[in-house]
Amino acid sequence: MNDLTCVIVGGGHVGLHSLKAIKEETRGMANGRRIRFVLIDKQPGHMRKMLLFRPAVGQEEIMIPWTHYSFSEGVEFVQGKVTFVDSGEKQIRYEDAQGDHACIQFDLLVVAAGSIVRQPEPDRGGIVLTDPQTAVDIRERWRANLRKAAGETNAEERKRLMAIAVAGAGISGVETSAELALEMRKEASSLGLNPSDITVYLLSGQKRLFLEGPEKVAKKLDQVLGECGVTVLYNRKVMQAEAGAVKLSNGDRLPVGLCIWTIGLIPNPALRSMGLPLTPEGQVLVDECYRVKGAPGVYSIGDCARIVDPRNGKADLMRAGEGVLQAERLGKIVMADLEGRPAPVHKSASSILDFFCIGLGENRGFVWGGKWGLSMIITGSLGWKIRKLAWDKGSMLR
């Protein structure tokens, strides 16, 4: 009897958790047939996208080799980009790292293609934090500016060189701005500059931070960011990053040495060419058991899928925590489908507890949990430990 082939598209945190969950749940067998596992991703290893800002402030390596993971034993890794899913013929087409085109037959397919960083119009200037290389470019830019500032005699120009604007105040923008402020202060001190002259502006188009939680939590987060050296400007969007300044939506011009865009995520645009049913926003349409509509044996979870809790009609957010829980449930769903019995259905994490954690630099974190109108806030080193635990769990490092 022939083996079954299970292909996982996407080696981000959701793809890795899916692979592990299905392997453990099935133990590599289904109905007397061995399951062959194939993981395909355009990266040569697992990129810790949640830590993309880290190379922008230091030299932390955020790429983990596939072989690091114990459950990778017996898994075939293919570096390539999926171009089309033929659900009728149960075949995916892909382009490998050398640019050659090939196909893989599948019995089970999990699409966990994730999301990418949203980019502004190309003529708006600045630099977008999209990948490890742009992160390195950002680090080199602000460090070069500080070196120039150390030799600058004009006080206004020195102040400009020591200032950065971060456009976009979601969690990524908050974490990026906080880490930058702390690291830039260290670098300024080493160059003989006054660390208190470092200015990191976090530009928000909203009236407050953290719209997912209560206003009092947003105020606390603003306070903690201020302690990190971040100045939050509300109801202001960056319209244009010009030479030496950013032009804001209220007409102000803010002198800065660098503008960094962190304006959120969108579903992976590669999905639009794969032939799968999508929402207008570009997410894969799935049922309450993550099955892709009209495509037997095909599942999709994570940022790339529109996943709704059938109990309350609430859609999951593009967050690592939701994706991990979906992956754990997917293992049980796949096994149930293989055995022809009822499968568990999706249940949103927020129906149990609203929970967010944010990193603000080493030994500084911000954690909020909410249920039944009650709030819990944890800051400082304990908040940092919780955030680091979440990062490591997402990338399966513990």
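The values are calculated or read from the model by the stated rules, or taken from the named source; none is laboratory data. Just so it is clear, the model here is predicted, and its values are computed rather than measured. All accessible areas refer to the heavy atoms of the entire protein, side chains included, with ligands and DNA or RNA removed. Shrake-Rupley method; radii C 1.70, N 1.55, O 1.52, S 1.80 Å.
Note that the chain presents 46 Å² accessible area per residue, ligands and nucleic acids not counted, probe 1.4 Å.
Of all accessible surface on region 248-366 at a 1.4 Å probe, what whole percent is carbon and sulfur?
Within region 248-366, the accessible surface is 53 percent carbon and sulfur.
Based on DSSP H segments of at least four residues, each scored -39500 (n - 2.57), the chain has a per-residue ellipticity at 222 nm of -9000 deg cm²/dmol.
Taking square-rooted eigenvalues a ≥ b ≥ c of the alpha carbon gyration tensor, is the chain rounded, prolate or oblate, where a/c under 1.5 means rounded and, failing that, a/b exceeding b/c means prolate?
Note, shape of the chain comes out prolate.
Where both bridge residues fall in the chain, DSSP classifies roughly 55% of the beta bridges as antiparallel. Relative contact order for the chain: 18 percent, from Cα pairs under 8 Å spaced at least 6 residues apart, divided by residue count. In sequence order, region 340-345 has phi-based couplings of x, 10, x, 9, x, 10 Hz under the Karplus curve 6.51 cos²θ - 1.76 cosθ + 1.60, θ = phi - 60°, and Gly or Pro positions carry x. For a straight C-alpha distance cut-off of 12 angstrom, the aspartates and glutamates reachable from Lys42 (same-chain residues fewer than eight places away being disregarded) are Glu95, Asp96.
Return the carbon/sulfur percentage of the accessible area of region 28-170, one whole number, probe 1.4 Å, all protein chains in place. On region 28-170, the fraction of accessible area on carbon and sulfur atoms equals 45 percent. Using a cut-off of 24 Å between Cα atoms, the listed pairs Lys314/Lys371; Lys220/Lys371; Lys216/Lys247 include Lys216/Lys247 as exceeding that distance. Partners of Lys20 within straight-line reach, counting lysines whose Cα lies under 18 Å from its Cα and excluding those fewer than 8 residues away in the same chain: Lys332, Lys393.
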